[in-house]
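One structure is given here, and the rest of the page talks about it.
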Amino acid sequence: MFQAPSVFQRAPLPPATRESEPRHEQTLTAPGTPPTTVPTGPAASTPAKKRDAYFDNVKFLAIVLVAVAHAWEPVMDGSRAARALYMVVYAFHMPAFILISGYFSRSFEMTPGKVKRLLTSVAVPYVLFETAYSLFKRYAGGDPEQEISLLDPWYLTWFLIALCVWRVTTPVWKALRHPMPVALGIAVLASVTPAIGDDLDLQRVLQFLPFFVLGLVLKPEHFQLVRRREVRLLSLPLLAGTLLFAYWAAPRMQLGWFYRSNSAQEMGAPWWSGAVMSLAMFGCALVLTAVFLAWVPRRHMWFTVLGAGTICGYLLHGFLVKGAGFAGVFDRFEWLGSPGGLVFVSLAAAAAVTLFCTPPVRRVLRFATEPDMNWAFRRDATKL
């Protein structure tokens, strides 16, 4: 049995004989492995396993948007245009990442091998990096009261614990006849329930849940659909309209609606607005994600190989952004808030996350992001 890769890992291409029906079971390959292997001799009759450049491109470009948006946060105050761009990017960058995560979780089952893979590739990195970020805030950020609490994720580590929860519940969603209405109902209820609290960042886990479930129910032909030429042409006026609306809404709309980390009541809004905004934000994210997916290159690009290292890019760029804030960089250099400064910050963030996604960095961090840990599991759990 093969293990489906997480959103941070590279995905294979569909078999060459049926382009419209990609494989549902994917294999894992080591960093630096050539995208395509052509067997010879007796193995020549076995179809070659290929990498899907499109999904590698999606994951890399999505993680670049995540890093750039995080870098904008400290410098966008005072710029209505920057705030509008931030809102547009934040409306879909994590939903797109989560949707792809769900898509590659379709074959997850609670078998020993896959549970072991889940623990080593998601749960263990969460423990290590939540601890590292807490210590970073305590000492570099000058916050001696910062505790190390695995129940209260700080900054960007929430996604790892959320991914763990979502993937464990995958068999439930696969068993339901209509999983999407159920997931949307849960998200709506979470948005009007302030008593959920902060443990495991459950507000985000529940409010982002529909995107993961949507990924589970999507089929390869849906991705073929959004990559059609007519969809690309339609996406242009949709994106232009979204940017204009975001510019109008920038000074009027709370950013908390994009973070999904609080209920409506906690943001000082009437309870019913949580339900309305949950559905509206879901629809907006869905449209913008389709626009994003429509324009991602299908062919192998110079950055395609970096799609295998997005977990490193995701987990490391936070130290850079927060470290710059702790050091007072954004306060000391006020010009970073100017249009030219925003361009500089964007390019710096994109360059940094690109570096963090490279194979050498992935190899160095493998002990934390992809530990083997066979010593901790029974023999039947070491087989995928």
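Stokes-Einstein diffusion for region 293-349 at 4 °C, viscosity 1.567 mPa s, with a Kirkwood radius from C-alpha pairs, works out to 94 µm²/s. Once the Kirkwood radius over Cα pairs is known for the chain, the Stokes-Einstein relation at 25 °C and 0.890 mPa s delivers a diffusion coefficient of 112 µm²/s. Annotation: peptides 330-338, 208-216, ranked by per-residue average of other Cβ atoms within 10 Å with the highest first, follow the order 208-216, 330-338. Across the alpha-carbon set of region 177-248, the Rg to Rh ratio works out to 1.11, Rh being the Kirkwood radius.
Per-residue ellipticity at 222 nm from helix content only, as computed over the chain with -39500 (n - 2.57) for each DSSP H run of at least four residues, stands at -17500 deg cm²/dmol.
Charged side chains reduced to their Cβ positions (Lys and Arg at +1, Asp and Glu at -1) give region 103-144 a dipole of some 160 debye around its Cα centre.
Accessible area per residue (1.4 Å probe, heavy atoms of protein chains only) ranks Phe367, Phe159 as Phe367, Phe159, with the largest value leading.
Please state the relative contact order of region 242-366 as a whole percent: Cα pairs under 8 Å, 6+ residues apart? Once normalised by length, the contact order is 25 percent. In region 339-384 the Cα-Cα distances spread across 5 Å bins starting at 0 as 5, 18, 14, 13, 12, 11, 9, 7, 5, 4, 3, 1 percent of all pairs. Against the chain, whose longest principal axis comes from its Cα atoms, helix 310-326 is set at around 20 degrees.
A straight chain from Ala348 to Trp248 at 0.36 nm per residue would run longer than the Cα-Cα distance by 33.2 nm.
If one takes the longest principal axis of the Cα atoms in the chain, at what angle in degrees, from 0 to 90 and to the nearest 10, does the Cα axis of helix 179-191 lie? That helix lies at roughly 30 degrees to the long axis. Working note: Cα atoms of region 140-261, range along each principal axis, descending, whole Å: 55, 43, 30.
Once both labels are positioned 7 Å from their Cα atoms along Cα-to-Cβ, the gap between Asp198 and Arg229 label points is 5.4 nm. Considered as an equivalent ellipsoid built on the Cα gyration tensor, region 256-352 has semi-axes of 29, 24, 14 Å, the largest given first. About its Cα centre, the dipole of the chain is roughly 1420 debye, where the only charges are +1 on Lys and Arg Cβ and -1 on Asp and Glu Cβ.
Evaluate the Debye formula for region 78-128 with equal point scatterers sitting on the alpha carbons, no solvent, and hand back log10 of I(q)/I(0) at q = 0.15, 0.21 Å⁻¹, in q order, two decimals. The calculated log intensity ratios at q = 0.15, 0.21 Å⁻¹ are -0.62, -0.83. Net length available on complete extension from Asp143 to Lys174 is 6.8 nm, with 0.36 nm assigned per residue and the Cα-Cα distance removed. FRET efficiency for Trp375 and Gln265, Cβ-Cβ distance as r, R0 = 35 Å, nearest 0.05? With a Förster radius of 35 Å, E is 0.15.
With N as its number of residues, region 115-154 has a Cα radius of gyration that, divided by 2.2 N^0.38 Å, comes to 1.31. Between Leu236 and Trp295, the simple spin-label model (points 7 angstrom out along Cα→Cβ) gives 1.1 nm.
Above 17 angstrom, tally the Cα pairs of region 111-184 and express them as a % of all pairs, no decimals. Distances greater than 17 Å cover 55 percent of the Cα pairs.
Centre-to-centre separation between the Cα atoms of region 97-134 and those of region 278-336: 20 Å.
Apolar share of the accessible surface for region 227-375: 72 percent from carbon plus sulfur atoms, 1.4 Å probe. Over the chain, accessible surface divided per residue gives 46 Å², non-protein components excluded, 1.4 Å probe. Restricting the GluC sites (Glu not before Pro) of region 52-161 to loop positions (DSSP other than H, G, I, E, B) with no more than 16 neighbouring Cβ atoms within 10 Å leaves Glu109, Glu145, Glu147. A simple spin-label model places pseudo-atoms 7 Å from Cα toward Cβ; at Arg366 and Ala275 they are separated by 5.2 nm. Under 5 Å between amide hydrogens, built in the peptide plane, is the criterion, and for Arg51 it picks out Leu13 among residues at least 5 positions away or on other chains. Using a 1.4 Å probe on the protein heavy atoms, what percent of the accessible area of region 83-223 belongs to carbon and sulfur? C and S fraction of accessible area: 66 percent.
The values are calculated or read from the model by the stated rules, or taken from the named source; none is laboratory data. Owing to the predicted nature of the structure, the values given are computational and were not obtained by experimental measurement. As a convention, Cβ positions derive from the backbone with ideal geometry for all residues, glycine included, and neighbour counts pool all protein chains shown. What goes into the accessible areas is simple: the full protein's heavy atoms, side chains included, and nothing from ligands, DNA or RNA. Shrake-Rupley method; radii C 1.70, N 1.55, O 1.52, S 1.80 Å.
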